[in-house]
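Trainee: Pasting in a structure now, in structure tokens, and then I'll have a few things to ask.
The values are calculated or read from the model by the stated rules, or taken from the named source; none is laboratory data. Since the model is a prediction, treat every value here as computed from it, not as a measurement. Virtual Cβ from ideal backbone geometry, glycine too; neighbours counted across all protein chains shown.
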Amino acid sequence: MYMSIGERIRSRREQKGMTRDELAKAVDMSLTALYMYETGKQVPSTVPIVKIAKALDVSVDYLVGLEKIVLDVIPFLDINSELNPLNEEGKVGLMPKVFEADFATEAPDNAMYPAFSKGEVIFVRITELKDANGRVVLIKSKGKPTLRRLSLESGKVILKPDNPSEEPQTIDMLSFKTGEFEFVGVVEGRVERT
């Protein structure tokens with residue numbers, strides 16, 4: 001809900017249990033001037049707003065409505081790294097946390113084109129293989145990362161590309177245990193190019 005400068009002054013003054021007269025005296029201004037600010041009939045200039053902010057124990061940014069937005073961040077990992085968000089190696093930056101992702105990286109190939117293009121930023125959530133059925137996943141095949149749509153069928157994993165120039169792969173679940181294939185996580189979203 002948007003609050004004007006005057007509404008913020010009045011609200012904070014009341015939270016602190018101060019009367020309008022007490023605040024006016026604390027900041028050395030007339031009761032009329034403070035009334036004009038609180039009712040929105042006049043906007044305080046720089047000096048009065050700084051004094052009011054100090055007296056009310058808030059920042060000037062708060063009074064003028066410039067509240068800080070704090071975002072959670074996730075690591076941006078080099079696609080050729082281990083792709084482990086807990087490991088500092090391979091971390092090349094930070095991204096705002098969106099889509100409940102655990103890390104961001106770049107699409108390693110065009111296997112899921114047109115949904116995902118090579119080099120686009122993708123957001124990946126670490127989850128169990130069994131929870132990824134029907135989803136686009138990031139996997140490593142012999143150490144090389146790729147995107148595919150995963151299907152679990154009769155103890156087999158089928159990795160289907162959207163791009164018709166790529167071939168689907170059928171893999172035995174054992175291949176994930178032997179390390180030939182590594183399931184990294186589910187792709188939750190991407191940054192769309194404009």
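Trainee: Do any residues in the stretch 167-193 that are at positive phi and touching a residue at least 40 places away in the same chain (Cβ under 8 Å) have Cβ atoms under 8 Å from those of residues that are of a type in the set (Ser, Thr, Tyr) and surrounded by fewer than 16 Cβ atoms within 10 Å (Cβ to Cβ), where the two are at least six apart or on different chains, and which pairs are they?
Mentor: Short answer, once both residue conditions are applied: none.
Trainee: Mind listing just one residue for me: the one in the stretch 111-146 that is among the hydrophobic types (A, V, I, L, M, F, W, C) and surrounded by fewer than 17 Cβ atoms within 10 Å (Cβ to Cβ) and, of those, farthest from Ser165 (Cα to Cα)? Steps first, please.
Mentor: Residues of the stretch 111-146 that are among the hydrophobic types (A, V, I, L, M, F, W, C), as a first pass: 111-112, 115-116, 121-124, 126, 129, 132, 136-139.
Filter once more, so that each one left must be surrounded by fewer than 17 Cβ atoms within 10 Å (Cβ to Cβ): 115, 121, 126.
Details: Ala115: 14, Val121: 22, Ile126: 28 Å.
Checked the stretch 111-146; the qualifying residue farthest from Ser165 (Cα to Cα) is Ile126.
Trainee: Let me ask something else about it. Glu167 - would you say it is modelled with pLDDT of 90 or more, in contact with an Asp or Glu (Cβ under 7 Å, 6 or more places away or on another chain) and among the acidic types (Asp, Glu)?
Mentor: Details: modelled with pLDDT of 90 or more: yes; in contact with an Asp or Glu (Cβ under 7 Å, 6 or more places away or on another chain): no; among the acidic types (Asp, Glu): yes.
So Glu167 does not fit the description; no.
Trainee: Scan (1) surrounded by 14 or more Cβ atoms within 10 Å (Cβ to Cβ); (2) in the same structural domain as Val124 (by TED's automatic domain parsing); (3) assigned to a loop (DSSP other than H, G, I, E, B) for the single condition Met29 breaks and write down its number.
Mentor: (2) is the only condition that Met29 fails.
Trainee: Those residues that are part of a loop (DSSP other than H, G, I, E, B) and either in contact with an Asp or Glu (Cβ under 7 Å, 6 or more places away or on another chain) or under 16 Å from Glu182 (Cβ atoms) (or both), I need them from the stretch 115-124; list them, please. Working first, answer last.
Mentor: First, pick out the residues of the stretch 115-124 that are part of a loop (DSSP other than H, G, I, E, B): 115-120.
Of everything in the stretch 115-124, those that are part of a loop (DSSP other than H, G, I, E, B) and either in contact with an Asp or Glu (Cβ under 7 Å, 6 or more places away or on another chain) or under 16 Å from Glu182 (Cβ atoms) (or both) turn out to be Ala115, Lys118, Gly119, Glu120.
Rundown of residues vs (1) in contact with a Leu (Cβ under 7 Å, 6 or more places away or on another chain); (2) small (Gly, Ala, Ser); (3) within 30 Å of Val27 (Cα to Cα), yes/no style:
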| site | (1), (2), (3) |
| --- | --- |
| Lys51 | no, no, yes |
| Val60 | no, no, yes |
| Gly65 | no, yes, yes |
| Asp102 | no, no, no |
| Val121 | no, no, no |
| Glu128 | no, no, no |
| Lys142 | no, no, no |
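Trainee: Here's another thing I want to ask about it. Of the residues that sit in the stretch 68-110 and are charged (D, E, K, R) and assigned to a strand (DSSP E or B), which one is nearest to Glu166 (Cα to Cα)? Explain how you work it out, then say what you get.
Mentor: First, the residues of the stretch 68-110 that are charged (D, E, K, R): 68, 72, 78, 82, 88-89, 91, 97, 100, 102, 106, 109.
Still in the list and also assigned to a strand (DSSP E or B): 91, 106.
Details: Lys91: 29, Glu106: 19 Å.
Filtering the stretch 68-110 for residues that are charged (D, E, K, R) and assigned to a strand (DSSP E or B), the one nearest to Glu166 (Cα to Cα) comes out as Glu106.
Trainee: Return the residues of the stretch 52-74 that are more than 30 Å from Val92 (Cα to Cα), surrounded by 13 or more Cβ atoms within 10 Å (Cβ to Cβ) and either hydrophobic (A, V, I, L, M, F, W, C) or out of contact with any helix residue (DSSP H, G or I) (no Cβ under 8 Å at 6 or more places or on another chain) (or both); say none if nothing qualifies.
Mentor: Going through the stretch 52-74, the residues more than 30 Å from Val92 (Cα to Cα) turn out to be 52-66.
Subsequent filtering for residues that are surrounded by 13 or more Cβ atoms within 10 Å (Cβ to Cβ) retains 52-56, 58-60, 62-64.
Correct list: Ile52, Ala53, Lys54, Ala55, Leu56, Val58, Val60, Leu63, Val64.
Trainee: Please find, among Tyr37, Tyr2, the residue that is out of contact with any Cys (no Cβ under 8 Å at 6 or more places or on another chain), surrounded by fewer than 14 Cβ atoms within 10 Å (Cβ to Cβ) and either closer than 21 Å to Ser59 by Cβ or modelled with pLDDT under 95 (or both). Full working, then the answer.
Mentor: Numbers: Tyr37 fails: surrounded by fewer than 14 Cβ atoms within 10 Å (Cβ to Cβ).
None of the others qualify; the one that does is Tyr2.
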